[in-house]
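Here's the structure, in structure tokens; my notes come after.
The values are calculated or read from the model by the stated rules, or taken from the named source; none is laboratory data. None of the values given here were measured: they were computed from a predicted structure. A quick note on method: Cβ atoms are made from the backbone with ideal geometry, for glycine too, and the neighbour counts reach across all protein chains shown. When the accessible area is computed, the model is the full protein with side chains, heavy atoms only, and any ligands, DNA or RNA have been set aside. Shrake-Rupley method; radii C 1.70, N 1.55, O 1.52, S 1.80 Å.
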Amino acid sequence: MSVSALPPNGQSWITRLAFLVLVIGGGIAIGIMTAPGEWYAALSKPWFTPPNWVFGPAWTVLYVLIALAGWRSYAADARSTQSKLWWTQLALNFAWSPVFFALQQPGLALAVIVALLTVITLFIRVSWSSDRPSALAMFPYLAWVAFASLLNLSIVFLN
């Protein structure tokens with residue numbers, strides 16, 4: 001089935017909801033389990049570090065867009081390269097906070113986020129001609145992860 005012919009039936013709404021719950025719920029759960037603590041507060045951070053209150057709203061919007069792209073990829077072809085890249089980016093996304101905050105390994109987290117940035121870029125490239133809405137939905141995410149990569153790199157150098 002082509003992406004442009006996604007079914008508007010009830011099953012698609014159940015699948016959409018499942019993707020929203022997975023992505024937003026997973027993000028919230030990981031965020032709660034790996035909330036920045038004293039270790040993070042004590043790190044030297046670059047001048048462009050956003051205030052902590054920015055992260056929750058930013059990630060909520062991004063997770064909705066990520067879920068939309070995931071649902072579209074899954075609905076079009078769950079075994080496609082596009083879908084596999086989407087699942088890979090989600091795994092890397094969910095891995096970053098535990099590596100950075102729980103393991104307190106900014107250097108290793110930098111490797112994770114660079115891999116994430118690469119996979120998001122590949123997802124957009126693969127999706128561009130066959131599923132433009134999914135590709136476009138991932139651009140804000142790409143921009144945020146690029147910024148987060150610079151922030152992570154800066155923390156590595158400053159500490």
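Write down the accessible area per residue of the chain in Å², having rolled a 1.4 Å probe over the full set of protein chains.
Value returned for the chain: 53 Å² of accessible area per residue.
So what is the relative contact order of the chain, in percent, for Cα pairs below 8 Å that sit 6 or more residues apart?
Relative contact order comes out at 31 percent.
Okay, helix-only estimate at 222 nm for the chain: each DSSP H run of n ≥ 4 adds -39500 (n - 2.57), divide by all residues, round to 500 deg cm²/dmol; what do you get?
-22500 deg cm²/dmol
So for Arg72, Arg16, what's the accessible-area order with a 1.4 Å probe, most first?
These residues rank, largest area first, as Arg16, Arg72.
Could you rank the peptides 63-70, 127-134, 88-95 by their average count of other C-beta atoms within 10 Å per residue, with the highest value first?
Ranking the peptides 63-70, 127-134, 88-95 by packing returns 63-70, 88-95, 127-134.
Translational diffusion coefficient, Stokes-Einstein: compute it for the stretch 72-159 using the Kirkwood radius over C-alpha pairs as Rh, at 4 °C and 1.567 mPa s, and state it as an integer in µm² s⁻¹.
After rounding, the answer is 96 µm²/s.
Carbon and sulfur together cover what percent of the accessible area of the chain at a 1.4 Å probe radius?
Carbon with sulfur: 70 percent of the solvent-accessible area.
Once you compute Rg and the Kirkwood Rh from C-alpha atoms, what is the Rg to Rh ratio for the chain?
Radius of gyration over Kirkwood radius for the chain works out to 1.00.
Quick one: P(r) of the stretch 22-80 from all Cα-Cα pairs, 5 Å bins, percents rounded to integers, in order of increasing distance.
4, 15, 18, 20, 15, 12, 8, 6, 4, 0
Give, as a single signed number, the net charge of other residues whose beta carbon lies under 12 Å from the beta carbon of Ile124, with Lys and Arg counted +1 and Asp and Glu -1.
Net charge in that neighbourhood comes out at +1.
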